[in-house]
Amino acid sequence: MAKTLYIDTSKCMGCRGCESACKQWNDLPANIKGDLKGEKFEFLPFNGTYQTKTAFAHQTYTMVKMQELAADDGGVKWLFGKRQCMHCAEATCMMVCPVDAISRTPEGAVYLDKEKCVGCGYCVQNCPFNVPQLDYNQKGIGIWEKKSSKCNLCADRVQNGLIPACAKTCPTGAIKFGDREEMLALAKERVEQLKPKFPGARIYGEKEVGGTVLYLLTEHPGYYGLPESAVVPWQVRFWKYFARPVGELAVGGGLLVILAGLFFNYVMPAKETPHHAEGVK
Amino acid sequence: MTNGWTDLKETDCALIIGSNAAENHPISFKWLTKARDERGAKIIVVDPRFTRSASKADVYAPMRSGTDIAFMGGMINYILQNNLYWKDYVVNYTNAAFIVGEGYDFKDGMFSGYDPKTRKYDAKQWDFEMEPQADPKAAPKAKTDPTLSHPRCVFNLLKKHYSRYDLDTVSRVCGTPKEKLEEVYRTYAETGKPDKSGVIMYAMGTTQHTVGSQNVRSYAMVQLLLGNIGVPGGGVAALRGESNVQGSTDYALLFHLLPGYINAPNANADHATLEAYLKKETPKGGFKTNTPKWVVSMLKAWFGDAATKENEFGYHWLPKKDPKKNYSWIALFEAMYNGTIKGLWTWGENPPVSGPNCTKEAKAMENLDWLVCVDLFESETAAFWKRPGADPASIKTEVFLLPACSSIEKSGTVSNSARMTQYRWQAVQPMGESKPDLDIIYELFAKIRELYKGSKAAKDQGILNLTWDYGHPITPEAVAKEINGRDLTTGKLMTSFANLKDDGTTTSGCWIYCGMFPDENKYRAMDRDPAEKAKGIFPGWAYSWPVNRRILYNRCSADPAGKPWSEDKKIVWWDPNAPGDPAKPEDGPGAFVGYDVTDFNKFLKPEKSAAAPFIMQVLGKGGLYANTGMNEGPFPEHYEPWESPMKNAFSSVQLNPVVKVWEPDKQGSPDQFPIVCTTFRLSEHYQTGTLTRNQPWLAELQPYMFIELSEELAAEKGIKQGQKVKVSSARGEIEVYAMITKRWKPMEIDGRTVHCVGMPWHYGFAAIAKGESANVLTPHIGDGNTMIPEYKAFLVDIKGV
């Protein structure tokens, strides 16, 4: 049965334990430029907020988006939304990957196999949530190895009967992991419970991109950096179900990457710019 | 905590004040979230800034740092004026009905009995009127008026004292809008009903003030008025600042105490002999009448066979302190600064970051001959001699850095805020030559004793006679057994402190933990039964002192007849059919039963136990009025912080009259430094950051030192988001990043706009995430009782760089 994460932002207090637990389990380095043992190294620059991680990176599979908002009563709201790969049911990244490095696990996660990845970057270009990122590894002078990376929903843990590291570490139960139906039922119940206090309470991810990781949001999705509507572009479907099979017959698997490049660079529409919370009303 | 972490799920309302629990005690929100979801509990946050806790609150009220007593005094007044207190509880279980003697008086901010020369009160003036007792050994009893009509009964004095704390004055002082005050008061006072309970959660935001202890008192008083002590979901919850602070105070890592909260002996006539000491320190009433059993058992644990009746069980081997001297943090660093202290061991301490006026404290360390630093990394303390601005060549201090194990590299217990001692098993082998703290102290003392071998000097006999027979290698279990104690007649481990004796036949290193190791193979700190008995009580999970009790003062959960006040809040109750005391068959059946270990002799008839539900109090009742124990008076009274933007609105007394002013020339004035500043912690860092600022995953979470300020202040000063700013106080200046946020707002204080700002205090010059230390700015002044420094309210100015 498909399993999913369910993130209840009304319970998240922004402690960021999930960010560190993720790095620890996945053995991801801190985002620090330079050599920590030497004198010269630097962190990401100061940005005036507690949210020091502002974008996914090959070292950063998850982060808590934070947003301060003026409240109607003259006070302030401080929103926290834990973000990671959405593990879409109709996963664009999976559809566009020319080498099938991205697949679905029996538990429902969208799994990116770094061994198979050729670093073409189409998943990076086409993700409606800006999740996968390329990691540039210098192999020699002028030689770079590129690999895409993203959250695999701790597939290794899940396949061994554990829950993802982020869910395991969450102190308030804001991050839960379980059967999708069960999680959806929890979310639905929660929306009703929260409506009186949070009129904007809603579920996100029930239908978006065929269904994604489930969110309980108390405000507009834009405040959490989520696009209001996320769908698979028709071009991607066209590629997946027509152009690619035909192309494979015509040019053979080896040249498919080039064909995909031509396709995604010329046929795909410009991607929807993700909402910046400032612009959302 | 009078209750515990898991008990938070039973609350109907949590008032978080002086704490940022979501941020610094995230696990508390596991239980508060449950309380909210399952019971519809409300969460109130009172804080100068909108914190991560505030983001999850139902009610948030801003309050100027350093005005807790005004805020809580206003609540006491609101509760009394609107008759929202729980009368049955107040009359039966608090000292509201006690009649105060005529010596008590209060005028213009001062209680009777003050001596301006010594800056001390004579607390005798505040005594109760006592019932005459024929038997001099009988427990003392105060005169009472259960109708609460006597003009000098505690209740009426309380009412009078806080009638001055009206909404307008409180709002003017605290900067909290009146309607917010009322909303907080109304919401919290809802818990003053038999079927409701509320908890007040506090931390360093409460204690680190010149009136820190009285701040806590004010919370306890509100809890007594609302009947929130001794019931599930109630209590005063002191959220301790790190995993084992509770343990460190329990075991008396404090200059004025012996283990188990017994006053340390002084070098004066009162304490000249063991007999004199015990006479002085043993009250006539309450459970502390057992003090001689605890002290003698402790001396037997420490000095073994060498402790005999003839030598007063080695009492003279205990160090005695000069009662006129203070040995707390600030005093120690003043003494180092003046060159009287020549050597220093720091054990997980980091004064150049955490000390108040830390520039001075680092400078003070230059006067040391030697410094030993036990830590996991080279902290700012270990590196103080090469700190920015120091001249290593001119510093003669010899510095030793001993590598210590981290918590996962060793086994042992920590005692958390819930008084729960929990064993943690070693997970990995120690790195390099690092050692557990226990091994370091074990080897250290063995070496010290070797150096004293053969000495006949009287002062050395304590060192030579100390029991140090833990076996090699030393284990936490060996020490725990000594703490637990033994019956020397049978050789068996003690099962409860009730069996300790004052004749030298029992031992116990710390009486409150007696019973945690009742059998050679049973160390209850290792217990891990996850089953909930009821009402948030998990009795099989580790061990809470005393005697595994989870809710202190739980007699108060039932009425004087022993019937629970409400079904929802019941934890212990009288069962007339339960088997009675086997030692007193003549009393017949009947005992208290329930979910928790009772806080009193469960076989006592309910009326008897109801007479003294607060067993540690001499007079047995909850103290709305403190005739002893508080240096600045029986009721908390608002005084301004040492550095304040306004004149005290409640009296002409500006500063807590009993605090010691160490550096009168280092006081900033509001003309020069108009902004109120406080310091705080972040989830992302721990204490002085030695552990977290050296750990890349955590360092990257908050890599920079910053100051939080409002959009309004930024606009006034022309400061842009993320730029560098200089923050200055009368002690110094630091350069940090500006974090401009909606979470701070200017406050209306005393009829004008006052800006408030705050900074994390985790940063220093060492580690991979560096920053200037907030404590460069904080003052060398402390609380009137505990001397904890006033880190939380001081004046600064800020300008762009």
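Table for the structure above
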| item | result |
| --- | --- |
| Assigned charges on the beta-carbon of Lys, Arg, Asp, Glu; the protein assembly as shown dipole about Cα centre (debye) | 720 |
| Share of alpha-carbon pairs per 5 Å distance bin for segment B:6-238, given as whole % | 1, 7, 13, 17, 18, 16, 12, 8, 5, 2, 1, 0 |
| Within segment B:664-800: Cβ-based charge dipole about Cα centre, in debye rounded to nearest 20 (Lys, Arg +1; Asp, Glu -1) | 300 |
| Chain A, dipole about Cα centre (Lys/Arg Cβ +1, Asp/Glu Cβ -1), debye to the nearest 20 | 180 |
| Taking B:SER297, B:SER566 and counting other C-beta atoms within 10 Å, the order from fewest to most | B:SER566, B:SER297 |
| Farthest toward positive dipole pole in segment B:671-729 [+1 Lys/Arg, -1 Asp/Glu at C-beta], among B:SER729, B:THR678, B:LEU691 | B:LEU691 |
| Which of B:ARG528, B:ARG419 has the fewest Cβ neighbours within 10 Å, and the rest in rising order | B:ARG528, B:ARG419 |
| Cα principal axis extents for segment A:1-132, largest first, Å | 51, 45, 26 |
| Overall dimensions of segment B:392-503 by Cα: Rg and Dmax, Å | 18.5, 61 |
| Residue pairs, from the table B:LYS193/B:LYS280; B:LYS120/B:LYS602; A:LYS195/B:LYS770; A:LYS77/B:LYS196, whose Cα atoms sit over 32 Å apart | B:LYS193/B:LYS280; B:LYS120/B:LYS602; A:LYS195/B:LYS770 |
| For segment B:664-800, radius of gyration divided by Kirkwood radius, i.e. Rg to Rh on alpha-carbons | 0.97 |
| B:ALA138 paired with B:LYS724, simple spin-label distance in nm, labels 7 Å along Cα-to-beta-carbon | 7.5 |
| Packing-based exposure ordering (other Cβ within 10 Å, fewest first) of B:HIS316, A:HIS58 | B:HIS316, A:HIS58 |
| Between segment B:392-455 and segment B:150-180, the alpha-carbon center distance in angstrom | 49 |
| Qualifying trypsin sites (Lys or Arg not before Pro) in segment B:215-310, DSSP loop, other Cβ atoms within 10 Å at most 15 | B:LYS284, B:LYS309 |
| Beta bridges per DSSP with both ends in chain B, % antiparallel, nearest 5 | 55 |
| Cα-Cα separations in segment B:122-261 greater than 24 Å, expressed as whole percent | 52 |
| The protein assembly as shown: antiparallel DSSP beta bridges as a percent of all, rounded to 5 | 65 |
| At 1.002 mPa s and 20 °C, Stokes D of segment B:196-333 from Kirkwood alpha-carbon radius, µm² per second | 122 |
| Lysines with Cα under 18 Å of B:LYS666, excluding same-chain neighbours fewer than 8 positions away | B:LYS360, B:LYS363, B:LYS792 |
| Residue with peak Gaussian network fluctuation, chain A [Cα springs, cutoff 10 Å], from A:MET63, A:MET94, A:MET13 | A:MET13 |
| From the C-alpha gyration tensor of chain A, square roots of 5λ in Å | 31, 24, 19 |
| Cα-based Rg of segment B:1-119 normalised by 2.2 N^0.38 Å, two decimals | 1.37 |
| Rg(Cα) / (2.2 N^0.38 Å) computed for segment A:36-84, rounded to two decimals | 1.55 |
| Selected from B:PRO388, B:LEU332, B:CYS405, residue furthest toward positive end of dipole (segment B:318-427; charges at beta carbon) | B:LEU332 |
| Given charges at Cβ of Lys, Arg, Asp, Glu: segment B:6-238 dipole, positive-most of B:ALA41, B:PRO194, B:PRO140 | B:ALA41 |
| Rg to Rh, two decimals, where the protein assembly as shown supplies the alpha carbon set and Rh follows Kirkwood | 0.99 |
| Among the listed pairs B:LYS396/B:LYS799; A:LYS207/B:LYS30; B:LYS56/B:LYS621; B:LYS501/B:LYS584; A:LYS53/B:LYS435; A:LYS150/A:LYS176, those beyond 26 Å (Cα-Cα) | B:LYS396/B:LYS799; A:LYS207/B:LYS30; B:LYS56/B:LYS621; A:LYS53/B:LYS435 |
| Stokes-Einstein D for segment B:586-726, Kirkwood Rh over Cα pairs, 10 °C, 1.306 mPa s (µm²/s) | 73 |
| Alpha-carbon gyration tensor eigenvalues x 5, square-rooted, for chain B, Å | 39, 36, 26 |
| Cleavage-rule hits (GluC sites (Glu not before Pro)) in segment A:1-97: DSSP loop, at most 14 neighbouring Cβ within 10 angstrom | A:GLU39 |
| Loop trypsin sites (Lys or Arg not before Pro), segment A:150-248, which have at most 15 other Cβ atoms in a 10 Å radius of their Cβ (DSSP) | A:LYS197, A:LYS207 |
| Span-rule helices in chain A, defined as complete DSSP H runs reaching 18 Å or more along the axis (Cα) with Kyte mean at least -1.0 | A:180-194 |
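Computed from the coordinates by the stated procedures, all read-outs in this text should not be read as laboratory data. What you see is a predicted model; the values in this text were computed from it and never measured. Don't worry about glycine lacking a Cβ; one is built from the backbone with ideal geometry, like all the others, and counts go over all protein chains shown.
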